[in-house]
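This report concerns only the one structure given below.
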Amino acid sequence: MSSSKRQLILDDVVLKLKSIKSPRLGKVSQKPEEFSRLARTAFPFVLVTVVSETKEDIAMDSRLSTLNVDIKVTLDGKGKTENGESQMTAIIEAIEEKLEADRSRDGNAQLTELLEVGDVSATAHPLISQTLSFGIQYTYLKGNT
Amino acid sequence: MAHAQDDDLVKIVPDIFDHGVDTFDPELTRSTEDVNRRIKAEWWSQRRDPKNFVASKLKSSEWERVTIYHALAYYILPRLSNFQENDTFQRQMIFYRERYMEEFATVMAAGFFYDDDGDGVYEEAEVEYNRTERLYR
């Protein structure tokens, strides 16, 4: 059975993030993890989640859907230090650049746009995190997401 | 050449590449060198001139699991571990260290090939044995 467009889009996001080699990313996952159980090498940890999805009719049989996807980067920054923040900035830029290189998500979406870059926050010492919010629009035929 | 590759590692620990590391080739290469050194010390050098040992004359496939267990215990899992309390990687290190010791002794006792004449063919006459009674803790 073929995957839904929604899944193909998310798979493409994860695939593109995993292809980033510089700056180095750790584990890229769609599942939340308990940080204390992660390997050292899993940081910077990147979590991809669908926050919400809105839909509207564009024709009798067609729907326009917008996936709101959060990409949360968590790194072991030993506190909110200047070094941690500059590392985070480089990662955020690399993610933005990579996902905007193909805004069609390998032909499955109409548009990918960066909506917001959140503030750097201290998650739990010594971890710091920052979230990018993307909107990804795609169309599908009724009943075939 | 290393006795084991990334693909061989996955056969033992299927999720080993879920931790943000693309390859463990350097760790497997280092473990191959360590395993070869131990073979040389515990078998070859007991009977022959240490200078004449040629590691490439060993049959790599026979040392694959030994190398993987060694790499996991001494290089890979320590790299993953955050060395905090109840860290699962530390428990695995102990487990694989024991597997390494057992497997090394088993291969030594069961017999292994060393291509003595260097013709690229492993013959029955080139099977070596080394029973070790050492107790590892």
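Numbers for the structure displayed
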read-out: Candidates A:Glu93, A:Glu53, A:Glu34, ranked by Gaussian network fluctuation over chain A, Cα under 10 Å, top entry; value: A:Glu34
read-out: Semi-axis lengths, Å, region B:6-128, gyration tensor of Cα atoms, sqrt of 5 times eigenvalues; value: 30, 15, 12
read-out: Burial ordering of B:Trp63, B:Trp44, fewest other beta-carbon atoms within 10 Å first; value: B:Trp44, B:Trp63
read-out: Charged-residue dipole, Cβ positions (Lys, Arg, Asp, Glu), region B:8-137 about Cα centre, Debye nearest 20; value: 580
read-out: Gaussian network model of chain A, springs between alpha carbon atoms under 10 Å - residue of A:Thr66, A:Thr123, A:Thr74 with greatest fluctuation; value: A:Thr123
read-out: Given charges at Cβ of Lys, Arg, Asp, Glu: the protein assembly as shown dipole, positive-most of A:Gly26, A:Met60, A:Gln110; value: A:Gly26
read-out: Label-point separation in nm, B:Asp8 to A:Asp61, each point 7 Å along Cα→Cβ; value: 5.6
read-out: Reduced Cα scattering model of the protein assembly as shown, Debye log10 I(q)/I(0), q = 0.07, 0.11, 0.13, 0.14 Å⁻¹; value: -0.41, -0.78, -0.92, -0.99
read-out: Gaussian network model of chain B, Cα within-10 Å springs - most flexible of B:Leu72, B:Leu58, B:Leu28; value: B:Leu58
read-out: In sequence order, calculated HN-Hα J values of region B:6-11 (Karplus, 6.51, -1.76, 1.60; Hz; x Gly/Pro); value: 3, 4, 5, 5, 4, 5
read-out: Size of electric dipole in the protein assembly as shown: Cβ of Lys, Arg +1 and of Asp, Glu -1, about Cα centre, debye, nearest 20; value: 600
read-out: Selection from B:Ile16, B:Ala125, B:Ala73, by position along the positive dipole direction of region B:6-128 (Cβ); value: B:Ala73
read-out: Ascending count of other beta-carbon atoms within 10 Å, so fewest first, for A:Ile58, A:Ile71; value: A:Ile58, A:Ile71
read-out: Bins of 10 Å, starting at 0 and running to the largest distance - Cα pair percent for region B:1-61; value: 21, 42, 24, 12, 2
read-out: Likely footprinting exposure, B:Phe89, B:Phe17, fewest C-beta neighbours within 10 Å first; value: B:Phe17, B:Phe89
read-out: Kirkwood hydrodynamic radius of region A:1-118, from inverse mean 1/r over distinct Cα pairs, in Å; value: 15.6
read-out: Proximal lysines relative to A:Lys72, as straight alpha-carbon distance under 17 Å, when same-chain residues fewer than 8 apart are discounted; value: A:Lys16, A:Lys18, A:Lys27, A:Lys31, A:Lys80, A:Lys98
read-out: From phi via Karplus (6.51, -1.76, 1.60), per-residue ³J(HN,Hα) for region B:86-95 in Hz, x at Gly/Pro; value: 6, 6, 5, 5, 5, 5, 5, 4, 5, 4
read-out: Förster radius 51 Å - calculated FRET efficiency between A:Asn83 and B:Asp115 (Cβ-Cβ, nearest 0.05); value: 0.45
read-out: Dipole magnitude (debye, nearest 20) for chain A, charges at Cβ of Lys, Arg, Asp, Glu; value: 580
read-out: Inter-label distance, nm, simple model (7 Å from Cα along the C-beta direction), A:Val14/B:Ser60; value: 3.2
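Every number here is computed from the coordinates shown, using simple stated rules; none is lab data. The model shown is predicted, which means the values in this text are computed figures rather than measured ones. Neighbour counts run over all protein chains shown; Cβ positions are idealised from the backbone, glycine included.
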